[in-house]
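Below is one structure, written out as structure tokens; comments come after it.
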Amino acid sequence: MEVGSVTPKPQPGNDKPRVFRLQELKAIINRYGFNSAGADAVAHHLETFWKRVEHHPDDKPGVLGVNLGKNKLSEDAADDYAIGLMKLGKYADFVVINVSSPNTPGLRALQGRKQLQDLVTFVKQTRDNLDWGPGGPPPLLVKIAPDVSDSDKADIAAVVAATQVDGLVVGNTTISRPGAAAEHPRSIQAGGLSGPPLLQLSNQVLHDMYRLTGGKVPIIGCGGVSSGEDAYRKIRAGASLVELYTGLAYEGPAIVPAIKQQLAECLQRDGYASVADAVGADHRQPAAGLRRSRSWGRS
């Protein structure tokens, strides 16, 4: 489970209407604009949650992440992310620096090489200077857009290596309208597209970032997942973990056990004993004794 994006100060986000369903495609266009109760309110909610977990351990999620954003009118993005980290990091199993929402003016410019390196260095130094106790600091990940160019991908990979950030999230919603989404009447709405039309594009960026980082950096794959096969394709492309958003909005909580069952069947079908064995499989030759998996082409 991932909470956010959370901004330091409360803000209302963009004007409504700001979310549009492309029902036939099970896709969504949103332009929320980081509507947020603010870091203090979210800290209160998470504090209450963890207190409840102390008395009811079965309520704890497997993994709890906190996704950080900047306030729309803030002039110091790095300070915003550092504030979010200081207020919310202690509640999280991992923290995400979201520099890829298309709905906050200027945010995606932070994916530029110098801007991103300065930002990640500052936030990482802030984290490393805090006292986290025996559990240590939460891993720090950067969430990128699926619309990045090849040169952008290379720059991001260089920043990841230089800063030794703990991982990537690939990726956010797209401002493009791939496939059938281009013909949908609601495609004219501004905002980021999510759901099945995003799958191929997000998988290609995931594949490229795994290759550019040499498979040495954990990647959370998200974008277009609505089945176990979709999750499996992301894992083979290089994802160590997989998230879903729009699929959950359309199908509800029942989609999670369904995907897990389907994913287990994919792994068994192709001779993998675990998810870890299949991570990055599209980047290597099949091991001797394993049945050759189906070709996904450009994934």
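The values are calculated or read from the model by the stated rules, or taken from the named source; none is laboratory data. This one's a predicted model, so the numbers in the text were calculated from it and none came from an experiment. Reconstructed Cβ throughout: ideal geometry from the backbone, glycine too, with neighbour counts over all protein chains shown. The protein model used for the area step is the full one, side chains on, heavy atoms only, and it has no ligands, DNA or RNA in it. Shrake-Rupley method; radii C 1.70, N 1.55, O 1.52, S 1.80 Å.
Here the convex hull built on the C-alpha positions of the stretch 115-158 has a volume of 75 cubic angstrom per residue.
Which value, in debye to the nearest 20, describes the size of the charge dipole of the chain about its Cα centre when Lys and Arg Cβ atoms bear +1, Asp and Glu Cβ atoms bear -1, and nothing else is charged?
Numbers: 34 positive and 31 negative charges, 123 e Å.
It comes to approximately 600 debye.
Charge dipole (Cα centre; +1 on Lys/Arg Cβ, -1 on Asp/Glu Cβ; no other charges) of the stretch 141-299 amounts to roughly 360 debye. Each Lys and Arg adds +1 at its Cβ and each Asp and Glu adds -1 at its Cβ; summed about the Cα centre, the stretch 199-279 shows a dipole of about 200 debye.
Leaving out ligands, DNA and RNA, and with a 1.4 Å probe, what % of the accessible surface on the chain is carbon or sulfur? Can you show the working numbers first?
Working: 7650 of 14400 Å².
Taking all protein chains in place, the chain shows 53 percent carbon and sulfur surface.
If the viscosity is 0.890 mPa s and the temperature 25 °C, what translational diffusion coefficient in µm²/s does Stokes-Einstein give for the chain when Rh comes from Kirkwood over Cα pairs?
Details: Rh = 19.8 Å.
The Stokes-Einstein estimate is 124 µm²/s.
Dividing the alpha-carbon radius of gyration of the stretch 145-218 by the rule-of-thumb value 2.2 N^0.38 Å gives 1.23.
Seen from a random direction on average, the alpha-carbon convex hull of the stretch 36-96 projects onto 4.2 square nanometres.
Extending 7 Å from Cα along the Cβ direction at D150 and again at K216 yields two label points whose distance is 2.3 nm.
If you take the Cα centroid of the stretch 204-243 and the Cα centroid of the stretch 65-136, the two points sit 22 Å apart.
Under a no-solvent Debye model with one identical scatterer per Cα of the stretch 221-290, what's log10 I(q)/I(0) at q = 0.13, 0.15, 0.17, 0.23 Å⁻¹? Debye output, listed in q order: -0.35, -0.46, -0.58, -0.96.
Quick one: pull the percentage of alpha-carbon pairs in the stretch 145-271 with a separation above 22 Å. Kindly include the intermediate steps, with their values, before the conclusion.
On the way: 3079 of 8001 pairs.
Percent of Cα pairs beyond 22 Å in the stretch 145-271: 38.
Given 10 °C and 1.306 mPa s, compute D for the stretch 1-79 with the Stokes-Einstein relation, Rh being the Kirkwood radius over Cα pairs; round to the nearest whole µm²/s. Please list the in-between numbers first.
On the way: Rh = 14.7 Å.
Result for D is 108 µm²/s.
Using helices alone, I'd like the mean residue ellipticity at 222 nm for the chain: each DSSP H run of four-plus residues gives -39500 (n - 2.57), total over residue count, nearest 500.
Value at 222 nm, helices only: -11000 deg cm²/dmol.
On the beta carbon distance between W50 and Q261, with R0 = 35 Å, the FRET formula returns roughly 0.70.
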